[in-house]
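Just so you know, all these numbers are worked out from the coordinates, no wet-lab data involved. Please read these numbers as outputs of a predicted model, since none were measured by experiment. Cβ coordinates were reconstructed from backbone atoms using ideal geometry, including for glycine residues, and neighbour counts include every protein chain displayed.
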């Protein structure tokens, strides 16, 4: 590795995960400026083809880097010098605009504050230089919006990168950054991670901060974390970002062992429940079924026990509660923007499906929302009882292989949108409603070479167990060498 003239050869940059980048900065092998320049150069090279990064904040990164250099702190922090991208959805960087992928917010004023997660990323030494695309208000499983256009899958540009963190997953898969901020309200970390061949973990409800202005998203269904190329990066990012934030009424018991340590520890012999049936009733694609069965064989070879499991959970309760809460949150966001603009919403400011959801939410009652919140608790309680008999659950992430672009777009009739997302949401939404942590691990691919992830779900607050298993699987079935053909 060479930092002469503050430059890093592209192949050297692509070979490093975030943990290795920070170690090289700590040792003086690489400068933070060299890493930032390499990330920006990679973005310049590949982003025109995939449209993953929708806003660049190079001036912000340069200002932060200069201030750290002056203070002599540029090599400090667990993630010193690591380039970072934020998801353009309900996450705020002071002095920049967050659009939530919507024309309604495109002309919003710059934020006056940093989100708590952003504060923690920068306190750990990360250099934030842009934002990644999201569909409008994160409402679908593909990252396409009228405001920012379509984000393409780096493995095949005709296919979706997933959603709503498709910009983040595509950026990591394309090598722009080794790890990127993401959020998950119904599978929005795990679905893009599966489609793009990267690792993605949704934490336990309230594990990571959502503030400082509001302390939960969608009654806790939405959680912030990252997508990454390596398991250890995800663990390190959770180590530096989790924990109670001032003013929040929500917190979890601190971990006895760091998540980074958990990656290095063998999980022992686990009792794993195998869930094959999607809650939407969509038939599993043959390629996904093949990867699922291969994963079972790998787990058995590693000494785990795997048993078929049928979940006694009512899909109507899960999707009804989730839909009611998401639509109510959208309505509140629209009303807030109308108040700020001092005028009603215009037809051209939301996409057709978003308009439909707003109308539906307007006609809902307070009783609907109360029952939805109660169903969150009931589903969570039932799922915790499942873990009396199993350590972890295994399922596919989605029923379908990565679909073509436009299939799940918000620019269509509501009925077409529902048909477009059914193949993506049959497994992931449950963990958002119940609150358990779940991860997508890139363990296979389709006959056409499109990535396929497998989902593992653990009891509340057992991200450590997921990281233990993920670390074991990463050694048994390594994926770091598989690169998107850009």
Report task. Quote the FRET efficiency, to the nearest 0.05, computed for residue 158 versus residue 447 with a Förster distance R0 of 22 Å and r equal to the Cβ-Cβ distance. Result -> 0.90
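Please report Rg over Rh for segment 249-304, where both radii come from the alpha carbon positions and Rh follows the Kirkwood definition. Mind dumping the intermediate values first?
Values: Rg = 16.6 Å, Rh = 14.7 Å.
We get a ratio of 1.13 for segment 249-304.
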Query raised in the report: So what is log10(I(q)/I(0)) for segment 74-148 at q = 0.11, 0.27 1/Å, when the Debye sum runs over its Cα atoms only?
Result: -0.31, -1.18
Query raised in the report: Mean residue ellipticity at 222 nm from the helices of the chain, using -39,500 (n - 2.57) per DSSP H segment of n ≥ 4 over the full residue count, to the nearest 500 deg cm²/dmol?
Result: -12000 deg cm²/dmol
Report summary line: Length gained, residue 301-residue 355, 0.36 nm per residue minus C-alpha separation, equals 14.4 nm
Query - Computed label-point distance, nm, for sites residue 45 and residue 486 using a 7 Å Cα→Cβ extension - result: 0.9
Requested in this report: Calculate, in whole percent, how much of the Cα-Cα pair population of segment 87-238 lies beyond 22 Å.
Outcome: 33
Query raised in the report: Where does segment 227-275 land on Rg/Rh, using Cα atoms and the Kirkwood Rh?
Result: 1.07
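Using the Kirkwood radius over Cα pairs, work out the Stokes-Einstein diffusion coefficient for segment 30-101 at 37 °C and 0.692 mPa s, in µm²/s as a whole number. Can you show the working numbers first?
On the way: Rh = 13.5 Å.
My calculation gives 243 µm²/s for D.
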Query - Peptide ranges 208-218, 91-101, 263-273, 361-371 listed from the most packed, as the mean C-beta count within 10 angstrom indicates - result: 91-101, 208-218, 263-273, 361-371
Query raised in the report: Given that compact globular proteins tend to follow 2.2 N^0.38 Å, what is the ratio of the alpha-carbon Rg of the chain to that value?
Result: 0.91
Report summary line: Note on segment 1-125: C-alpha Rg/Rh, Kirkwood Rh, two decimals, gives 0.98
**Report entry** 10 °C / 1.306 mPa s Stokes-Einstein diffusion coefficient of segment 115-189, Kirkwood radius on C-alpha pairs, µm²/s
**Finding:** 124
Report task. Calculate the spin-label point distance for residue 341 paired with residue 314, positioning each point 7 Å from the Cα along the beta-carbon direction, and give it in nanometres. Result -> 3.9
Query - Model label zone, residue 244; criterion: amide N under 19 Å from point 7 Å along Cα-to-beta-carbon; scope segment 107-128 - result: 116-117, 120
Query raised in the report: For segment 317-367, with equal point scatterers placed on the C-alpha atoms only and solvent neglected, what are the log10 I(q)/I(0) values from the Debye formula at q = 0.12 1/Å, to two decimals?
Result: -0.27
Report summary line: extent check for segment 365-454: Cα max minus min per principal axis, descending, whole Å, gives 42, 38, 13
Query raised in the report: Which values of log₁₀ I(q)/I(0), to two decimal places, follow from the Debye formula for segment 442-486 at q = 0.13, 0.16, 0.32 Å⁻¹ with a uniform point scatterer at every Cα?
Result: -0.37, -0.53, -1.19
Query raised in the report: What whole number of Å gives the distance from the Cα centroid of segment 115-184 to the Cα centroid of segment 254-319?
Result: 25
